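The structure appears below as structure tokens.
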Amino acid sequence: MGRVSDSPFTDLDRPPLRAAALTRGLVGPGGLWRAIEVFDETGSTNADLAAAARAEGTPEGTVLIAESQTAGRGRLDRAWVSPPRAGLTFSFLMRPAVSPPRRVWLPLLTGLAVAEAVQAACERTAAGRAVETGVKWPNDVMVAERKLAGVLAEAVPGTDAVVVGVGLNVTTRPEELPDDRATSLSMEDAGCTDRDPLLRAILRQIERRYLRWTAAAGDPERSGVRRAYLDRCVTVGRPVRVELPGGETVVGRAEDIDVDGRLVVEGRPISAGDVVHVR
Ligand code: BT5
């Protein structure tokens, strides 16, 4: 008789998250996080939290996690795919007391914090290497040239709320991902693929970065967020091709991220677009 863990019909490597344990660890006086909920299945945690913000005035620091999403969203109506419990898919609600132009840093800060926390928490590979994470502008978390996590920030119309969603591949297998430009922590041979400690580390780091940023009234310099972002950014310094929302393409060397969070390519600041790193 085979051991249970050898059976292809169980997924003991994908245990569920427990809201009570996460709440005990993360929610408390003086902190950012106010409530943590785990749903078995929903359409999109971003959509749910935005609806709650509109209807009920949900407080800042509410976190909604889904074990499975049936309509996970990316930017520009693209999809985020993740099998049940293979990754972390969650959203949090913020009401930053920061002027609208500076709010563009919230998704950048989130991608940065995810990259920092994951690198620290996922431990070494069997070969003793660190899993090095980078941020690709605007807010993809990368390992080498592959996407490990994505961020989607949406302002909730008519309110001061912003919903920020994160999708991170943890034990996702290659055939479960949309293409070979994606990766997961298990594919990178990370030493830790336990979602609970990973999520705690990520939420702690988002909290740390967010509280520093809001304490500095959203100033990307004084809060240290621009410097840290640039240090981890794998886009700046590279030849890139940027597809702008209107269909135009900009080609050239990525030179900088300016104080408004824009990617500067050959002197031209770009506020939204899809970047391809050109070899
Ligand atoms: C993103 O969009 O990367 C934002 C993803 C945000 C997902 C979270 S999950 C929790 C919350 N609730 C939601 O409904 N959404 C958020 P974008 O930069 O547009 O990238 C989307 C593209 O990434 C897709 O078109 C695919 O090419 C690719 N993609 C989809 N699923 C992926 C995955 N699991 N890993 C890597 N790439 C993926």
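Here are some notes:
- Of all residues assigned to segment 19-37, none qualifies as being among the polar types (S, T, N, Q) and assigned to a strand (DSSP E or B).
- Residues in segment 146-167 that are over 11 Å from the mean Cα position of the chain (by Cα) and not charged (D, E, K, R): 155, 156, 157, 158, 159, 161, 162, 163.
- Any hit, segment 82-94, residues being within 21 Å of residue 260 (Cα to Cα) and either crowded, with 21+ Cβ neighbours inside 10 Å or at pLDDT 95 or above (or both): yes
- So residue 216, is it farther than 23 Å from residue 36 by Cβ and more than 16 Å from the ligand (Cβ to nearest atom): yes
- Taken over segment 171-183, the residue count meeting the criterion of being more than 10 Å from the ligand (Cβ to nearest atom) and either polar (S, T, N, Q) or in contact with a helix residue (DSSP H, G or I) (Cβ under 9 Å, 6 or more places away or on another chain) (or both) is 2.
- For segment 244-279, the set of residues classified as assigned to a strand (DSSP E or B) and either closer than 18 Å to residue 103 by Cβ or in contact with a Gly (Cβ under 6 Å, 6 or more places away or on another chain) (or both) consists of 257, 263, 265, 269, 270, listed by residue number.
- Each residue in segment 215-251 was checked for being surrounded by fewer than 16 Cβ atoms within 10 Å (Cβ to Cβ) and of a type in the set (Val, Ile, Thr), and 2 pass.
- Every residue from segment 53-66 that is in a helix (DSSP H, G or I) and in contact (Cβ under 8 Å) with a residue 40 or more places away in the chain: 53, 54
- Qualifying residue in segment 203-210 (condition: among the hydroxyl-bearing types (Ser, Thr, Tyr) and part of a loop (DSSP other than H, G, I, E, B)): no
- Pick from segment 28-39, criterion surrounded by fewer than 21 Cβ atoms within 10 Å (Cβ to Cβ) and closer than 25 Å to residue 171 by Cα, ranking: nearest to the ligand (Cβ to nearest atom): 39
- Elements of type strands (runs of 3 or more DSSP E) in segment 100-172, at least 1 residues being surrounded by fewer than 24 Cβ atoms within 10 Å (Cβ to Cβ) and without any contact (Cβ under 8 Å) to a residue 40 or more places away in the chain: 140-143, 146-155
- Residue 124 meets each of the listed conditions (1) closer than 23 Å to residue 197 by Cα; (2) at pLDDT below 95; (3) within 15 Å of the ligand (Cβ to nearest atom) apart from (3).
- When residue 91 is tested against (1) outside any strand (DSSP E or B); (2) of a type in the set (Gly, Ala, Ser); (3) within 9 Å of the ligand (Cβ to nearest atom), exactly one condition is not met: (1).
- If the condition is being more than 13 Å from the ligand (Cβ to nearest atom) and within 21 Å of residue 193 (Cα to Cα), then segment 40-83 contributes only 40.
The values are calculated or read from the model by the stated rules, or taken from the named source; none is laboratory data. On a predicted model such as this, the values are computed, not experimentally measured, just so you know. With ideal geometry, Cβ positions are generated from the backbone for all residues, glycine too; neighbour counts draw on all protein chains shown.
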